[in-house]
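What follows is one structure encoded as structure tokens, with my remarks underneath.
The values are calculated or read from the model by the stated rules, or taken from the named source; none is laboratory data. Given the structure is predicted, the values throughout are model-derived calculations rather than measurements. Don't worry about glycine lacking a Cβ; one is built from the backbone with ideal geometry, like all the others, and counts go over all protein chains shown. When the accessible area is computed, the model is the full protein with side chains, heavy atoms only, and any ligands, DNA or RNA have been set aside. Shrake-Rupley method; radii C 1.70, N 1.55, O 1.52, S 1.80 Å.
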Amino acid sequence: MLAFELFIKFVVLYCVQGVEDVLRNPNLPKEHLSFYYNTFPDAKKHCLNDKKCVNRDFLKSDKYDSEACWGFEEDCGKKNAFQRPECAKVFEGQNDPEETFYSQADFGYVKIQKEELQSYCKPKYTQDSSLVCTKYLRYCKGRHIMIDFIDLLNKKEPLRYDMDVLSKGQITGHCKLQKSKLNQEIDHLGALQSWAPELRFFEEHRNVIDGETCDVVVKEPTYIMKIDATYNMYHHFCDFFNLYMSLFLNQSQPDAFQNNRRILIWETYNYDSPFADTFKAFTDKPVWTLNSFKGKKVCFETVVLPLLPRLIFGLYYNTPLISGCEKSGVFRAFSEFVLHRLEVPKIPQKVKRVRVTILIRRTKYRQILNVEELLDKLYSNLKYDVRAVSFERGITFKDQLKIVRNTDVLIGMHGAGLTHLLFLPNWATLFELYHCEDPNCYKDLSRLRGINYITWEDDGKLVRQDSGHHPEVGAHAKFTNYSFDKDEFARLVEKAANSVLQNQEYRQFIKDNRINDEL
């Protein structure tokens, strides 16, 4: 880190990944290639004419779908979209729930954000700055923007969730600023709700922003992130998910998905997280924090202010999710993208057994007190391949994903570890052993991901250790431990397993991999 701090005293000129390499291999899951090449027909043409392009044979095969579209494009028909949600029967007088769900929680949400984009600082000349944002400044993109971090030298306390990192004129651009229009969009003035806390201080710069204006010049596209709790998977993956959606909002060139971007985290704490490897899906560069630029004026040739984790009616933390619908395409795409980029393998089975993984908590509360008894019940059933794991200790995040990707039934108590459901196979079932009186959190996340969800059905067949000990409100279902009836547990696991066995995609997976049905 010290070497880096010394290095940025000078103007930083970074090596940019060649466009040629990106066109030859955008490094996307095979399920996404048709959508990518239809978005960028010039990339398709280049690949077909380049013998070194890794996807040349794919574009010539019947696997390439020339009509495929993500779903946010103006001319994208339902039958060609990446995935459409599935909804229960529509009753007379109801609005179309499929369209509601699609706009709330799928690529339709991306479409709404794209339609909201407006210019707030217009360039006068070719080399001028620019600033475009969605409504309420939930997402913005700027060109030739300067940010002055001189005041960070005087901040005595570490910065996190602060809304006064910048002051007037410390974020600027040489463009025609529509200040009154910008001020109309600052209503969502929350630390993780919008970029209003920063952009309310945006001012016009007198001169063209260039290398002579700044101490540091960053040439790569830079995504500045205000992030949620880094040690809680549920909250931190809201950051990663919104970063992924922001790639589509910034999708204007064939290199939209390249890993050459920079990530700057908007706080002065050193970034640390057990899920840090997820950033490797988005960048091959070290992650920066504000410490990287203390006391510096920094020129960003391209800066993106992505969607934030706690947007009002955002995804997925505050989503007003309509009932009766499931299977968000953008959640599935996110899962496939991360697993592909992190090179998490599918492990072939030799025998058709339902792969059951049970998460063991090592925390003070929400432990399964009779877990050994429950496991013995599962081990005695030869239809299951059972694994008990604790993700709190000793397993890298990539290895966690490897386990989850190759799980058919995931079992665990209510808690952030269940966020692993995002990376289960499409046919999987999440068995939230007990929801601890918070019934919708992981049920809704399962609906978004498009997997089956069950939970404990008979409270008379579980035993609380005590009434719970929340430090502020007293008795609370999340602050105690539980024992479960072993026969009822076995019945529910069988219910979850049957859902897997009846799933057509699972049956095709078994067929394609020629797995032996004999035990």
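Of all residues being touching a residue at least 12 places away in the same chain (Cβ under 8 Å) and in a helix (DSSP H, G or I) in the range 138-161, which is least open to solvent (accessible area, probe 1.4 Å)? Just the residue, please. Working first, answer last.
First, pick out the residues of the range 138-161 that are touching a residue at least 12 places away in the same chain (Cβ under 8 Å): 138-153, 155, 158-161.
Keeping just the survivors that are in a helix (DSSP H, G or I) gives 150-153.
Values: Ile150: 71, Asp151: 56, Leu152: 5, Leu153: 108 Å².
That would be Leu152.
Listed by first and then second residue, the pairs with beta-carbon distance under 6 Å, at least 6 apart or on different chains, first residue in the range 84-99 and at pLDDT 90 or above, second part of a strand (DSSP E or B) and open to solvent by less than 70 Å² (accessible area, probe 1.4 Å), are Pro85/Cys325; Glu86/Glu326; Cys87/Cys325; Pro97/Cys87; Pro97/Cys325; Glu98/Cys87. Filtering the range 1-58 down to residues that are of a type in the set (Lys, Arg) and at pLDDT 50 or above, which residue is most open to solvent (accessible area, probe 1.4 Å)? Going through the qualifying residues, I end up with Lys51.
Here's the yes/no breakdown for (1) modelled with pLDDT under 95; (2) of a type in the set (Lys, Arg); (3) in a loop (DSSP other than H, G, I, E, B):
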site: Val208; (1), (2), (3): yes, no, yes
site: Glu212; (1), (2), (3): yes, no, yes
site: Thr230; (1), (2), (3): no, no, yes
site: His235; (1), (2), (3): no, no, no
site: Asp239; (1), (2), (3): no, no, no
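If I ask for residues that are open to solvent by less than 10 Å² (accessible area, probe 1.4 Å) and more than 20 Å from Thr278 (Cα to Cα), which ones from the range 416-433 would you list? Hits for the range 416-433 are Ala428, Thr429, Leu430, Phe431, Glu432, Leu433.
Just to verify a result, which residue in the range 162-198, among those that are polar (S, T, N, Q) and part of a loop (DSSP other than H, G, I, E, B), is most open to solvent (accessible area, probe 1.4 Å)?
Within the range 162-198, the subset polar (S, T, N, Q) is 167, 170, 172, 178, 180, 183-184, 193-194.
Of the ones still in play, those that are also part of a loop (DSSP other than H, G, I, E, B) are 167, 170, 178, 184, 193-194.
Details: Ser167: 46, Gln170: 15, Gln178: 60, Gln184: 124, Gln193: 62, Ser194: 0 Å².
Across the range 162-198, the extreme among qualifying residues is Gln184.
For Leu339, state whether it is surrounded by 17 or more Cβ atoms within 10 Å (Cβ to Cβ), touching a residue at least 60 places away in the same chain (Cβ under 8 Å) and closer than 20 Å to Leu137 by Cβ. Judged against the criteria, Leu339 is not a match. For first residues located in the range 320-334 and at negative phi, partners that are open to solvent by 10 Å² or more (accessible area, probe 1.4 Å) and aromatic (Phe, Trp, Tyr) and lie 6+ apart or on another chain with Cβ distances below 7 Å form the pairs Pro320/Phe313; Gly329/Phe82; Ala333/Phe82. Of the residues making up the range 342-364, none is modelled with pLDDT of 95 or more, open to solvent by 40 Å² or more (accessible area, probe 1.4 Å), closer than 17 Å to Leu243 by Cβ and within 24 Å of the chain's Cα centre (by Cα). The set of residues in the range 374-397 that are open to solvent by 80 Å² or more (accessible area, probe 1.4 Å) and farther than 26 Å from Asn503 by Cα comprises Asp376, Glu392, Arg393, Gly394. Among the residues of the range 347-373, the ones that are under 22 Å from Arg393 (Cα atoms) and either among the polar types (S, T, N, Q) or assigned to a helix (DSSP H, G or I) (or both) come to 6 in all.
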